[in-house]
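> Provided herewith is a single structure, encoded as structure tokens, for subsequent inquiry.
None of the figures in this text is laboratory data; all of them are computed from the coordinates on show. Note that this is a predicted model, so its numbers are computed, not measured. Because the Cβ atoms are built from the backbone with ideal geometry, glycine has one as well, and the counts that use them run over all protein chains shown.
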């Protein structure tokens, strides 16, 4: 076995001491960091802010036509309301039948 000087022994022991210090610091600090993460995870997040004042309206896709006062057929009463038509009748709008041409 080789006889080491004081400085050589220090350079040999220094990495071992450094690893031990890091391990001890990890054991001490890890539970507090983990508790902080768990604490933040249990807090509810606020709902996202919407820029629109009116709620989003989703109309049914079931075809139930209505005829608006503007003469246009809408798939549902909801679609007519979204277009700003509040007065309508049930059923599709009737198109005027073409009159036969007379010569």
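> Which distance in nm do the two modelled labels at residue 45 and residue 25 give, with both placed 7 Å along the Cα-to-Cβ direction?
Once both label points are built, they end up 3.2 nm from each other.
> Using a 7 Å offset from the Cα along the Cα-to-Cβ direction at both residue 83 and residue 8, what is the distance between the two label points in nm, to one decimal?
In this crude label model, residue 83 to residue 8 measures out at 9.6 nm.
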